[in-house]
1. Considering only segment 6-15, I want to know if a residue exists there that is more than 26 Å from Thr123 (Cα to Cα) and modelled with pLDDT of 85 or more.
2. So which strands (runs of 3 or more DSSP E) stay within segment 67-134 end to end and still have 1 or more residues that are charged (D, E, K, R)?
3. Return yes when Ile40 is out of contact with any Lys or Arg (no Cβ under 7 Å at 6 or more places or on another chain) and surrounded by 11 or more Cβ atoms within 10 Å (Cβ to Cβ) and no when it is not.
4. Cβ-Cβ below 9 Å, separation at least six or inter-chain, first residue in segment 41-59 and closer than 13 Å to Gly72 by Cβ, second in a strand (DSSP E or B) and open to solvent by 50 Å² or more (accessible area, probe 1.4 Å): which pairs?
5. Go through segment 46-66 and give me each residue that's surrounded by fewer than 17 Cβ atoms within 10 Å (Cβ to Cβ) and small (Gly, Ala, Ser).
6. Could you tell me whether any residue of segment 84-96 is open to solvent by 90 Å² or more (accessible area, probe 1.4 Å) and either among the polar types (S, T, N, Q) or under 16 Å from Val42 (Cα atoms) (or both)?
Amino acid sequence: MGSSNAAAMAVDTDTNKRAHTEGVVKKRKPLRPSTSRADIYVTRDHRKFNSYMRRARKLLVERNYPSVTIHGLGAAIQTAIKLAAAVKASLGDQVIMDTNTHTVTLYDDIVPQDESADITTQTRQNSAIQIKMSLPSVVRSQIFAKTPR
């Protein structure tokens with residue numbers, strides 16, 4: 001009786017896997033909600049890290065935005081966390097951070113090798129992070145008191 005339960009469990013775990021599809025999988029870009037200038041979408045490309053850093057600092061310090069939100073999806077989550085930590089350290093650890101994690105549904109088109117078959121769509125889940133960064137009002141007033149206008 002114990003071995004039949006193990007076999008049944010093995011069958012159950014196999015049904016949770018994605019079905020094998022014949023054809024080429026074309027990943028669609030993730031859907032983004034409406035964005036503002038204070039939203040920074042990071043990728044896992046580390047060559048862009050310094051430009052993300054300059055933009056976040058510029059929005060918070062020079063442009064007086066109340067907050068900046070850093071978004072990371074999948075493999076870019078690590079880059080988003082590193083960016084938030086670097087911005088916070090560059091501003092003397094005076095940044096308030098609010099972090100949210102969630103799961104995003106992504107869509108892929110499957111183009112079959114047989115041209116007479118229809119294109120199908122499959123969904124998959126991916127992790128995402130949002131890090132909202134803001135300067136306390138006391139710090140913002142000190143920064144803008146020193147800045148000549």
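1. no
2. On the way: elements: 68-73, 96-111, 120-134.
Correct list: 96-111, 120-134.
3. Details: out of contact with any Lys or Arg (no Cβ under 7 Å at 6 or more places or on another chain): no; surrounded by 11 or more Cβ atoms within 10 Å (Cβ to Cβ): yes.
Taking the combined requirement at face value, the residue does not satisfy it.
4. That search, which allows pairs on different chains as well, returns Tyr41/Leu73; Val42/Leu73; Thr43/Leu73.
5. Listed by number, the list holds a single entry, Ser51.
6. no
The values are calculated or read from the model by the stated rules, or taken from the named source; none is laboratory data. Since this is a predicted model, take the numbers as computed values, not measurements. Cβ: placed from backbone, ideal geometry, glycine included. Neighbour counts: every protein chain shown. The accessibility values were calculated without ligands, DNA or RNA, using every heavy atom of the protein model including side chains. Shrake-Rupley method; radii C 1.70, N 1.55, O 1.52, S 1.80 Å.
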